[in-house]
Amino acid sequence: MKTKILLSIFLCNYILSIAQTKKWTIEECVAYAIENNITVKQSKLAIENAKIEVSTAKANFLPNLNTRLNHSWRSGLNTDPITNNNVIAITQNTGFGMSSDVTLYNGLRNIRELRRSKLNLLSNQYQLADMTDNISLNVCNAFLQILFNKESLKALNTQLDLTLNQIERTAQLVQAGTKPAGDLLEIKATSAEQQKAVIDMENNILIAKLSLLNLLVLEDIENFDIVEDSYELLPSDIASKNANDIYNKSLAIRNEIKKTKLAVEIAENDIRIAKGAYQPTLNASYGFNTNYFTSELFNSPNFNNQINDNKGYSFGLNLNIPIFNRLQIKNSVKKSKLQLEQAKLNFEQSKFDLRDKVYQAFNDTKGALKNYEASLKALEARSLAYKYATERFNLGILDAFTFNQNKTSYINSETDVIKAKYDYIFKLKVLEFYFGIPINL
């Protein structure tokens, strides 16, 4: 029994440790953010509401059906239904009826309202897709920011370790009289600055995690971390495209363009709905009624006989022809036409906005690549300069102040390369996003 208890405790602790040390991939982050984002949930509710509107529009083609049942008592002067004489008595009357009517024609408004509800559902779906795309980009940016900060922290820690080793070595040289005490103080000051930089970068990592957690709608920052794979710059087919190719592709696939284009279709359909009110409306109706009467003064026929004898049916057609309605239909058509023009302008503006975004993303990506290549060259040069300065400093030829300047320049170059790398990765992903390539690292 004790063995089973200990084993259970061990398994629980093991599972808990796995849960606490789980590291999230970019794909997991994107999927979780889309699933749990509050705005996405609201958009999904809007889609469900749009589905109900479609169902309502379909139901408008069906006839309605109503039943009526009533029972009444009357005391005083009543008409005997058998003799048709007026008598003073207490009577009871039970009535039952059914009625139904259906719209046969209303200017095709039912058909067009059904089309409108379907278009509105599709518009909500485009909006949700556009929203999830934007969330994916934001998650990718936050994810890469954490990676950038972590790589920067590793570089800072490496340089700090080198500085601490130099402090120990310089202290020995100062004690031996081959280095002035000022050199040791200078390196210690550099060490203090590097320690501060390490603390600042750790805080930056925390802030970046908080940004990602907000997108994921999570709160447990203590047990949250991401996969720290080395994300290399892989060749991308997008590099062979020009900005106009990417723009033309994005016009066909981007959801914000589909949504504004669909708004034009909805506005055109609304004009047809408004004009439909000029046409007559034809309804058909059917009714059935019967009743049962009883009184204390005479013997009434039995219930079944009365219900059968008193049956009545009604059939009817109702034609409503609009002649003058205080200009309401005319003004409704005018408003619908104005909304159509506004929808067309919005569609054209959305294309201009998309073109600006694509060309900006294209130029940003090209600039980020050039910046990354330049930062690599600068790092190579700074690395050689730092290596040369280290050799001269160890030989006592170079003073500590100049040596630390070389080291600072080298550290800054390392950070610049890391920053340029992740900046290029993100901007490349944005460009691929506009070309329809899924976001992944």
Practice prompt. Within the stretch 374-405, track down each residue that is over 27 Å from Ala176 (Cα atoms), of a type in the set (D, E, K, R) and surrounded by 15 or more Cβ atoms within 10 Å (Cβ to Cβ).
Written response: Arg382
Practice prompt. Kindly list, by first and then second residue, each pair from a residue in the stretch 381-404 that is more than 14 Å from Thr163 (Cβ to Cβ) to a residue that is open to solvent by 70 Å² or more (accessible area, probe 1.4 Å) and not hydrophobic (A, V, I, L, M, F, W, C), limited to pairs with Cβ atoms under 7 Å and residues at least 6 apart or on different chains.
Written response: Gly396/Thr178; Leu398/Arg392
Practice prompt. Return the only residue of Asn70, Asn120 being modelled with pLDDT under 95 and of a type outside the set (A, V, I, L, M, F, W, C).
Written response: Asn70
Practice prompt. Looking at (1) open to solvent by less than 40 Å² (accessible area, probe 1.4 Å); (2) part of a helix (DSSP H, G or I); (3) over 30 Å from Ile246 (Cβ atoms); (4) at pLDDT below 90, find the lone condition where Tyr422 falls short.
Written response: (3)
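Could you check the stretch 237-258 and list, in sequence order, the residues that are in contact with an Asp or Glu (Cβ under 7 Å, 6 or more places away or on another chain) and either at pLDDT 85 or above or open to solvent by 30 Å² or more (accessible area, probe 1.4 Å) (or both)?
Answer for the stretch 237-258, where residues must be in contact with an Asp or Glu (Cβ under 7 Å, 6 or more places away or on another chain) and either at pLDDT 85 or above or open to solvent by 30 Å² or more (accessible area, probe 1.4 Å) (or both): Asn255, Glu256.
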Fill in: Residues (under 13 Å from Phe403 (Cβ atoms), open to solvent by 40 Å² or more (accessible area, probe 1.4 Å) and of a type in the set (D, E, K, R)) located in the stretch 165-187
Arg169, Glu186
Worksheet item: Quick one: Asn320 ticks every box in (1) in contact with a Ser or Thr (Cβ under 7 Å, 6 or more places away or on another chain); (2) open to solvent by 40 Å² or more (accessible area, probe 1.4 Å); (3) modelled with pLDDT under 90; (4) not basic (Lys, Arg) bar one, so which box is it?
Response: (3)
Fill in: Hey, Tyr126 among the aromatic types (Phe, Trp, Tyr), closer than 24 Å to Ser55 by Cβ, buried (at least 18 other Cβ atoms within 10 Å of the Cβ) and modelled with pLDDT of 85 or more or not
yes
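The values are calculated or read from the model by the stated rules, or taken from the named source; none is laboratory data. These numbers were taken from a predicted model, which means no experiment stands behind them. Don't worry about glycine lacking a Cβ; one is built from the backbone with ideal geometry, like all the others, and counts go over all protein chains shown. Keep in mind that these areas ignore ligands, DNA and RNA; they rest on the heavy atoms of the full protein, side chains included. Shrake-Rupley method; radii C 1.70, N 1.55, O 1.52, S 1.80 Å.
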